[in-house]
Number of protein chains: 2
Amino acid sequence: MNVDETAPQKGTVTQRAIERIKAMIAEGRLEPGQRLPTERDLAAQLGISRSSMREAIRALTVLGVLEARHGSGIFVTQLEAGDLLETFGVVADLSRGPRLVELLEVRRILESTATALAAARITPDQLAEVEKHLTAMNATEDPEEILAHDLAFHREIAAAAGNDTMAAILEGLSSRTFRARVWRGYQEEGAFTRTRREHAAIHRALVARDPEAARAAAAAHVGEVEEWLRAQIGG
Amino acid sequence: MNVDETAPQKGTVTQRAIERIKAMIAEGRLEPGQRLPTERDLAAQLGISRSSMREAIRALTVLGVLEARHGSGIFVTQLEAGDLLETFGVVADLSRGPRLVELLEVRRILESTATALAAARITPDQLAEVEKHLTAMNATEDPEEILAHDLAFHREIAAAAGNDTMAAILEGLSSRTFRARVWRGYQEEGAFTRTRREHAAIHRALVARDPEAARAAAAAHVGEVEEWLRAQIGG
DNA sequence: GAGACCGTATTGGTCGGACCACCTCGCTGG
DNA sequence: CCAGCGAGGTGGTCCGACCAATACGGTCTC
């Protein structure tokens, strides 16, 4: 029935199905947003059971490549940075000990560069948005709210840097649980004041459109947490 | 039967199972390398069918969190950077157009920093390994072989930087298919000579243990490709 | 004629069971 | 003591059925 030449057995049937679909997208035979055949049809086309095909679809779903809508069908995502790099947050959530420091180091490198780029490129609208979160952050004592505005503050800056991929990675590195875990201890040491001062410094650099100052301020900001965490683990 | 308080319906049953297992690992109830109960037992514990549980396991498998060994059982991976960031290569494989440039920009930022760190930290053994690949790269005209040694060259340097997470990300950004796709065109324009010169410059900076020179050389190296790709897309 | 309503077909989601392929480990026999 | 074998356990695959959400068409009402 199946005359495919490229079908020697390598790995599991499901794994092959995953590769097949991935290849279809990579080759452009499946465009972003396009709808796929039904699970039943896809399974029939590849000559496998619906169960195996469902596992393949589920795998590509968690990778952010496909999106299944109950009752409607299966669709290729827009394949935007946000879709594909969502899994990056999983890494942050499951990391601990020394790897948390490594992740913060990566974040420091990317965030400082992103902030520098933002200083040169940020628009007035975006800057106003940044200021909004800065003000809100300083107007409350509720840790939850502070954290939310802190996240949004950096998210806006990352977006202003103009590199969606970088912004998506930074989003993963600052994901809610990751930040909450590290910051719980950090902020308990009365780091609120220092954090606010650092945020203010970043904001000043953005207003001044000074990339080097922005880079330094952002690096110092993340570096503070990094140093603290390093000490926590070391001792 | 099930007296779980944390079991309101959110999302699909499979999705909930994924979260449950992820939570177990995040909370430390499942250690790296540890074996999980059988699929049948796990399904029974969460009160779902084996099919749904298999989808959940498959999802966590592709994320690099779990590893299923036919006939043996399901195990938690070592949760090392390499395991979890393997999926990063998928992003690179499925990206095209402008996003490729963005990915190269991220790579340039990280690779230049990693190379700078390596200049300060690289050991004689590691340096010898780097030189081995540099020599081999210059001793052949076979594109396949050049690419392989090119990859190994940068991989060694990234490893010498001492941040496994960064190395894993760079590995994903330099994955075979990604490089092959971009470099095919780039090298066809006779970029061999320039590439060799750039690699030599990076090597010299490492030998001299000069981080700033290393950073500049690496940034220029990746930047060359980045510029070329930008031009390709723009026109 | 336009719009709200409803029923049916389609499609993903879940379930249970059956069988196969592979690995492990203890038993057996030399 | 060890090599070989065999049974049991485990993941891999398949099938068929049913549930639940959606999309679409026709019908009814105003």
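The values are calculated or read from the model by the stated rules, or taken from the named source; none is laboratory data. Fair warning: this is a prediction, and the values are worked out from it, not measured in the lab. Because the Cβ atoms are built from the backbone with ideal geometry, glycine has one as well, and the counts that use them run over all protein chains shown. Keep in mind that these areas ignore ligands, DNA and RNA; they rest on the heavy atoms of the full protein, side chains included. Shrake-Rupley method; radii C 1.70, N 1.55, O 1.52, S 1.80 Å.
Observations on the structure shown:
- Leading residue by the ranking (farthest from the chain's Cα centre (by Cα)) among those in the range B:91-111 that are open to solvent by less than 10 Å² (accessible area, probe 1.4 Å) and among the small types (G, A, S): B:S95
- Test: B:A120 is in contact with a helix residue (DSSP H, G or I) (Cβ under 6 Å, 6 or more places away or on another chain), among the aliphatic types (A, V, I, L, M) and open to solvent by 30 Å² or more (accessible area, probe 1.4 Å): yes
- Residue in the range A:131-152 that is surrounded by fewer than 20 Cβ atoms within 10 Å (Cβ to Cβ) and hydroxyl-bearing (S, T, Y) present: yes
- Looking across the range B:156-180 at every residue that is open to solvent by 30 Å² or more (accessible area, probe 1.4 Å) and touching a residue at least 60 places away in the same chain (Cβ under 8 Å), the one that is nearest to the other protein chains (Cβ to nearest Cβ) is identified as B:D164.
- The one condition from (1) modelled with pLDDT of 90 or more; (2) over 19 Å from B:E86 (Cα atoms) that B:E144 does not meet is (1).
- Restricting attention to the range B:181-203, the residues that are within 14 Å of chain A (Cβ to nearest Cβ) and open to solvent by less than 30 Å² (accessible area, probe 1.4 Å) add up to 1.
- Residue match in the range A:77-90 (condition: surrounded by 21 or more Cβ atoms within 10 Å (Cβ to Cβ), more than 9 Å from every other protein chain (Cβ to nearest Cβ) and in contact with a helix residue (DSSP H, G or I) (Cβ under 7 Å, 6 or more places away or on another chain)): no
- For the range A:172-235, the helices (runs of 4 or more DSSP H) that sit wholly inside it and include 1 or more residues that are closer than 22 Å to B:E27 by Cβ and of a type in the set (A, V, I, L, M, F, W, C) are A:176-188, A:211-234.
- Residues of the range B:61-72 classified as within 17 Å of B:R29 (Cβ to Cβ) and more than 8 Å from every other protein chain (Cβ to nearest Cβ), total: 1
- Within the range A:14-48, restricting attention to residues that are within 9 Å of DNA strand D (Cβ to nearest atom) and surrounded by 14 or more Cβ atoms within 10 Å (Cβ to Cβ), the residue that is farthest from the other protein chains (Cβ to nearest Cβ) is A:A44.
- Those helices (runs of 4 or more DSSP H) lying entirely in the range B:33-90 with at least 2 residues within 11 Å of DNA strand C (Cβ to nearest atom) and without any contact (Cβ under 8 Å) to a residue 40 or more places away in the chain: B:39-46, B:50-62
- Residue match in the range B:62-73 (condition: hydrophobic (A, V, I, L, M, F, W, C) and more than 16 Å from DNA strand D (Cβ to nearest atom)): no
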